[in-house]
Amino acid sequence: MTAPRPVAPERAHLLSLLLMGRSDVGPFCFATGETLAFARTLEPEVAAEVVSSILAAYAPGADHALAERAAHVAHELGLVQAVPALVACVERLPQGDRVASVACAALEILDGASIGPLVEAFERARSRDVRFALGLALTLLPRDDGRIRAAFEAMLDGDPELAAHLLGVLGNRRAVPALRAALARLELPRPGPDEPGALDHVVSLGEAILSLGGRMTGVERRKFDDACARAEALAGEREPDPDLH
């Protein structure tokens, strides 16, 4: 019976390669060919453990290049075991963070394995910025088995503007009935401090319906057109008069 290969030295060697070897392409830092070649000799669980530990330890302002190389290994090797760590990067890092960007690219490649963890993170997110980042990551996945659209549609009542935007980006025409139903539930707001935000909801829903090739009833279209006209008028009132300066 063949003895199992020692794991701890393998983890240590992969970590040392990630620490020392880098291959910069544009603004991003990638793992070297040597690092990828060695990582491919390991059991996927072992490589994913090293990658996940690096990603979990990363914080903005820390060594982003090391974390980018770790995410690149997950990307190139298709390490589905690293999906939770990659999702956590998108969930907790600020928008525009380079590590979050590489994590998104890795999740896109991992596709089917990414949908469930990303949807779960999206549904538990309390911050609108976090929901937006996770939602965009979901729209980048090559395919949707129905869970992504369902998660976005479930948010139509709570945040119709963001939900409509994400459904429009997702590009699935099957979302049109849910968008029209959400539009039908909204009334044009009365003048007041909350009016601009409420108008944005109506406008966003209408724009998403049109972007997906949907059609509105006459009543829905008038509501959308009236909201657009009123929002434009309010925007004009807020613009400073250049003759007064």
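The values are calculated or read from the model by the stated rules, or taken from the named source; none is laboratory data. Just so it is clear, the structure is predicted and the values come from calculations on it, not from any experiment. All Cβ positions, glycine included, derive from the backbone under ideal geometry; neighbour counts span all protein chains shown.
Does Arg149 satisfy being assigned to a helix (DSSP H, G or I), buried (at least 16 other Cβ atoms within 10 Å of the Cβ) and either not aromatic (Phe, Trp, Tyr) or not assigned by TED's automatic domain parsing to the domain that holds Ser114 (or both)? Against the criterion (assigned to a helix (DSSP H, G or I), buried (at least 16 other Cβ atoms within 10 Å of the Cβ) and either not aromatic (Phe, Trp, Tyr) or not assigned by TED's automatic domain parsing to the domain that holds Ser114 (or both)), Arg149 qualifies. Out of Ala74, Ala88, one residue alone is of a type outside the set (Phe, Trp, Tyr) and either without any contact (Cβ under 8 Å) to a residue 12 or more places away in the chain or crowded, with 22+ Cβ neighbours inside 10 Å (or both). It is Ala74.
Could you list, in sequence order, the residues of the range 204-232 that are farther than 17 Å from Met155 by Cβ, among the hydrophobic types (A, V, I, L, M, F, W, C) and in a helix (DSSP H, G or I)? Result: Leu210, Val219, Phe224, Ala227, Cys228, Ala229, Ala231.
Applying the set (1) surrounded by 24 or more Cβ atoms within 10 Å (Cβ to Cβ); (2) over 29 Å from Leu170 (Cβ atoms) to Glu43 leaves exactly one unmet item: (1). Just checking, does the range 2-9 include any residue being at pLDDT 95 or above, among the β-branched types (Val, Ile, Thr) and farther than 22 Å from Asp97 by Cβ? No. Of all residues in the range 122-146, those satisfying the criterion of being over 9 Å from the mean Cα position of the chain (by Cα) and part of a helix (DSSP H, G or I) are Glu123, Arg124, Arg128, Asp129.
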